[in-house]
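Encoded as structure tokens, the structure appears first; notes follow it.
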Amino acid sequence: MSILFRFALLCLVAGSTLAQSYLPPCPPNGTWHNCHGTHVRPDGVTYVGEYQNDQRHGNGIEYWANGAIIRSGLWSNSTLTRSYSIDASRFQLNVHSQGSAFPTVDPGNTERDRLRAEVESERNKRKELEQLLASTKERDRVAAEWDTERRKRQELEAQRVVQQQPSQDLKRKAHALVIGNGAYPGSGRLDNPVNDAHAISQKLRSMGFAVTTVTDANRQKLVQSMAQFRRTAAAADLSLLFYAGHGVQIFGTNYILPTDVDQTDPAQATIQGVSLNSVVENFLPGKTKLVFLDACRDNALQRTNDRSVSKGLAPISAAEGTLISYATKDGQTAADGVGSKNSPFTHALLEHLNDPQDIAVVLRKVRAKVMKATGGKQQPWEYGSLTGGELVLSAIRPK
């Protein structure tokens, strides 16, 4: 037993001797080779020990920032190859000792610096966001001013009265399809669409249009009339559609309703009704197309609980050269006209269609008159745009 005790004591003394470094301190500059020094990492972990070729090599201790020992022993190429206890007094944690090439990292200061950096980062992010929001608002303001200025220029240009006479070709190639549906069953009946159709037909003929008039058409008659118009007006430069009657939007698609449609069944309406897009694209020939829809009347389909049916008509995307005018803004209903032979929209069209001005000015006059007549409850609206300069309908003279 005494032999074992003496052997253990000898090993302990030998270990302490091995832990003591007889190497010189590492220089402040240059390569750390066969020397002992202190290296503090940014996270506060510190190595105190021997170096060779700038690598941890020999005996050394690694400390936490608070001074607690992490590990110690024999190092080779910065890797701990054999772990054993080393007397901390041999390699003391003293970052101010000679040979220390790195600054001391105070854990308290490090945490404060980290928090300060986070606060500064958040402050910068907030500042950038505020600047972005401010620039967005400014951009929107400038865009709104530009849009207002553009509209003013368009209005001034549109108000210029065109004095030139129309060409002979335009006289012969202006065709109109006028439809008035009022004889719907039950509560769906409308009083004025047929009157509206006859009055508009008479007005357009006096302006030089070749007019096809259709009234109280069921689906068969409606489709046949459209197909016949397409053939008759095949050579038209300008085609015009006027429709007065019931119309509805189902799942965002607008339908013209014939008189025999079941106004209590939205699914049937999509089959019996005629898609407005289909009419414009397939049955109106010519490069220039005008559509006047007095079709936003209140109807039984809109009073159902079916979510597919929405109030009024849906906004429509019109192809180039097509201008579509609703009797009222999308999603709203138009009046049929109480105590009058014509609806407010048709009455305004009859008054202004023949004005010697561009169609854009004419429609603004129509809008103003309808809004005044309805106390602002009904506001006509247009979709699409025309090309090729101004279009003055009054320039189309009788043949």
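The values are calculated or read from the model by the stated rules, or taken from the named source; none is laboratory data. Everything numeric here is computed off the predicted structure, so don't read it as measured data. Glycine gets a Cβ as well: all are built from the backbone with ideal geometry, and neighbour counts include every protein chain shown.
Data for the structure
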item: Residue list for segment 253-269, filter: buried (at least 24 other Cβ atoms within 10 Å of the Cβ) and either of a type in the set (S, T, Y) or not assigned by TED's automatic domain parsing to the domain that holds L353 (or both); result: Y255
item: Identity of the residue in segment 360-390, touching a strand residue (DSSP E or B) at 6+ places or on another chain (Cβ under 7 Å) and not charged (D, E, K, R), that ends up modelled with the lowest pLDDT; result: S385
item: Residues of segment 219-278 satisfying the condition of being of a type in the set (V, I, T) and without any contact (Cβ under 8 Å) to a residue 12 or more places away in the chain; result: I271
item: Members of segment 375-384 found to be touching a helix residue (DSSP H, G or I) at 6+ places or on another chain (Cβ under 9 Å) and surrounded by fewer than 16 Cβ atoms within 10 Å (Cβ to Cβ), listed by number; result: K377
item: Filter result for K203 (surrounded by 18 or more Cβ atoms within 10 Å (Cβ to Cβ), at pLDDT below 95 and among the charged types (D, E, K, R)); result: no
item: Qualifying residue in segment 156-173 (condition: within 42 Å of the chain's Cα centre (by Cα) and modelled with pLDDT of 90 or more); result: no
item: Selection status of L301, modelled with pLDDT under 85 and in a helix (DSSP H, G or I); result: yes
item: Matching entry among Y51, Y63 (being at pLDDT 85 or above, in the same structural domain as T31 (by TED's automatic domain parsing) and touching a Cys at 6+ places or on another chain (Cβ under 7 Å)); result: Y51
item: Residues satisfying the stated conditions in segment 197-234, i.e. among the polar types (S, T, N, Q), assigned to a loop (DSSP other than H, G, I, E, B) and within 21 Å of I396 (Cα to Cα); result: none
item: Residues (part of a loop (DSSP other than H, G, I, E, B), surrounded by 19 or more Cβ atoms within 10 Å (Cβ to Cβ) and within 38 Å of the chain's Cα centre (by Cα)) located in segment 235-252; result: G245
item: Residues that are among the polar types (S, T, N, Q) and part of a helix (DSSP H, G or I), drawn from segment 351-365; result: none
item: Number of the condition not met by V45 [criteria: (1) out of contact with any Gly (no Cβ under 9 Å at 6 or more places or on another chain); (2) modelled with pLDDT under 90]; result: (2)
item: Test: residue in segment 345-355 that is in contact with a His (Cβ under 8 Å, 6 or more places away or on another chain), assigned by TED's automatic domain parsing to the domain that holds H246, modelled with pLDDT of 95 or more and not hydrophobic (A, V, I, L, M, F, W, C); result: no
item: Test for P185: is it under 17 Å from P258 (Cα atoms), assigned by TED's automatic domain parsing to the domain that holds N342 and crowded, with 24+ Cβ neighbours inside 10 Å; result: no
